[in-house]
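The structure under discussion appears below in the form of structure tokens.
The values are calculated or read from the model by the stated rules, or taken from the named source; none is laboratory data. The structure displayed is predicted, hence computed values, not measured ones. Methodologically, a virtual Cβ is constructed for each residue, glycine included, from the backbone with ideal geometry; neighbour enumeration extends over all protein chains shown. Ligands, DNA and RNA are excluded from the accessible area calculation, which covers all protein heavy atoms including side chains. Shrake-Rupley method; radii C 1.70, N 1.55, O 1.52, S 1.80 Å.
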Amino acid sequence: MQPTQTQARHSRATQTIQALHIPEALLKIQTVVAVTGLSESSIRRKVAAGTFPAPVKDGARCTRWVAAKVQNWLRARGAQ
């Protein structure tokens, strides 16, 4: 049996947390969720409110966060 398009989409390789150590790396939302401990909804609300780094568009349907900006946000949050 051939996988359906939905199954194929979900079997893509996941991004590791080590990508955070490359400042110019573009992080997937799942990686940002794992690193920050926030839900995807909370991240998007904070972006809309201007309290979290905005993502960059890496294509028509591809949104990524710059690792250095997420790290800076984490550092600033830890300093509070």
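Pairs needed: first member in the range 54-79, within 15 Å of V32 (Cα to Cα) and open to solvent by less than 40 Å² (accessible area, probe 1.4 Å); second member anywhere, of a type in the set (A, V, I, L, M, F, W, C) and part of a strand (DSSP E or B); C-beta distance under 6 Å; at least 6 residues apart or different chains.
Sorted first by the residue in the range 54-79, then by its partner, the pairs are W65/L27; A67/L27.
Are any residues in the range 54-79 within 12 Å of L26 (Cα to Cα) and among the basic types (K, R), and if so, which ones?
Within the range 54-79, K57, R64, K69 qualify.
Going through the range 15-29 one residue at a time, which ones are at pLDDT 95 or above and surrounded by fewer than 16 Cβ atoms within 10 Å (Cβ to Cβ)?
I29
From the residues in the range 30-53 that are farther than 17 Å from A76 by Cα and either of a type in the set (D, E) or assigned to a loop (DSSP other than H, G, I, E, B) (or both), which one is least open to solvent (accessible area, probe 1.4 Å)?
The residue in question is S39.
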